[in-house]
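Everything on this sheet refers to the single structure shown next.
We did not get these values from a lab; they are worked out from the coordinates using the rules stated. Every value quoted in this text rests on a predicted model; they were computed, and no experiment measured them. Using ideal geometry, Cβ is built from the backbone for each residue, glycine included, and neighbour counts are taken over all protein chains shown.
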Amino acid sequence: PPSVYRGNPFQIEVAIAYGGNLHKEELADVVRFANRVPLLYQQSACAIFKSVLQTAWKNYGVDQSKGALPTGPLMVAVHMASVWVPFTSESKEAVASYPEIMKEVKLALQEAGRRLDVFIRKGHRLAEAQRKKDYIKSYLPHIGIGLREILGFSEREQSRILNLLTDILEKEKAPKD
């Protein structure tokens, strides 16, 4: 939601891109905007960049060394829309570090981070379910042989039972969000 600093209204927007073709072992990219204009220089002097650094990304399933950007296939885009953007200098290269602005950027990053955490955990849950399913599939032929030996099934009945077990395994619902 919009907020105010020194009587000037402003709004922070955050977007996070995760995965895809982004490098898994590099630091996250931070893209900063002020009134739809990219801020290309003085990244470390900017309130937006400082807020990204101060956010505890480990809480959201992303690796981060102390005092550094998060590591992983991650890109963070932050936009500040305001009638008067407080730049650090006349060159308009970095947003000034007002406490109200830092607070709102951090809150927006935390909200986006919670959604990122849900996405990451869902991916891990689906991968774990698939791993378990593949493990069970690898033992189905042995189960068929064991049933045939214990219960005295014919090979035809064994084949039918294996098909039935495979169908049951494939119809199993994926874990809920």
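Pairs of Cα atoms under 8 Å, at least six residues apart: use those to get the relative contact order of the range 1-92, whole percent.
Over the range 1-92, the number comes to 44 percent.
Hey, got the Cα dimensions of the range 36-117 along the principal axes, in Å, largest first?
38, 21, 20
As an exercise, identify the GluC sites (Glu not before Pro) in the range 1-57 lying in DSSP coil whose Cβ has no more than 10 other Cβ atoms within 10 Å.
GLU25
How high is the FRET efficiency from ARG6 to ARG121, r the C-beta distance, R0 41 Å, rounded to 0.05?
E between ARG6 and ARG121, to the nearest 0.05, is 0.55.
Return the loop-located GluC sites (Glu not before Pro) in the range 92-177 (DSSP other than H, G, I, E, B) with at most 14 other Cβ atoms within 10 Å of their own Cβ; answer none if there are none.
Sites meeting the loop and neighbour criteria: GLU172.
If N is the number of residues in the range 85-177, what value comes out of its Cα radius of gyration divided by 2.2 N^0.38 Å?
For the range 85-177, the normalised Cα radius of gyration comes out at 2.24.
Note down the net charge around HIS79, summing +1 for each Lys or Arg and -1 for each Asp or Glu among other residues with Cβ under 9 Å from its Cβ.
Summing Lys/Arg as +1 and Asp/Glu as -1 gives +1.
Using R₀ = 22 Å, calculate the FRET efficiency as 1/(1 + (r/R₀)^6) where r is the Cβ-Cβ separation of GLU100 and ALA17; round to 0.05.
Rounded to the nearest 0.05, the efficiency is 0.25.
Starting from 0.36 nm per residue, how many nanometres of slack lie between GLN43 and GLU26 once their C-alpha separation is accounted for?
This chain segment gains 4.4 nm when fully extended.
Can you compute the equivalent ellipsoid semi-axes for the range 1-69, i.e. the square root of 5 times each eigenvalue of the Cα gyration tensor, sorted largest first and rounded to whole Å?
Ellipsoid semi-axes (Å, largest first): 24, 14, 13.
Could you give the dipole magnitude of the chain about its Cα centre, charging the beta-carbon of Lys and Arg +1 and that of Asp and Glu -1, in debye to the nearest 20?
My answer is approximately 300 debye.
What net charge is computed for the residues neighbouring GLN42, neighbours being all others with C-beta under 11 Å from the C-beta of GLN42, Lys and Arg scored +1, Asp and Glu -1?
Local net charge: +1.
Net charge around VAL95, counting only other residues with Cβ within less than 12 Å of its Cβ (Lys, Arg = +1; Asp, Glu = -1)?
That sum, taken over residues with Cβ under 12 Å, equals 0.
At 7 Å along the Cα-to-beta-carbon direction for both PHE87 and LEU169, put a label point, then send me their distance in nm to one decimal.
Distance between the two pseudo-spin positions: 6.3 nm.
Given [x] 0.94; [y] 1.30; [z] 1.09, which label gives Rg/Rh (Cα atoms, Kirkwood Rh) as computed from the coordinates?
After the calculation, the listed value that fits is [y].
Counting pairs of alpha carbon atoms under 8 Å apart in space and at least six apart in sequence, what relative contact order in percent does the chain give?
Reported as a whole number, the value is 25 percent.
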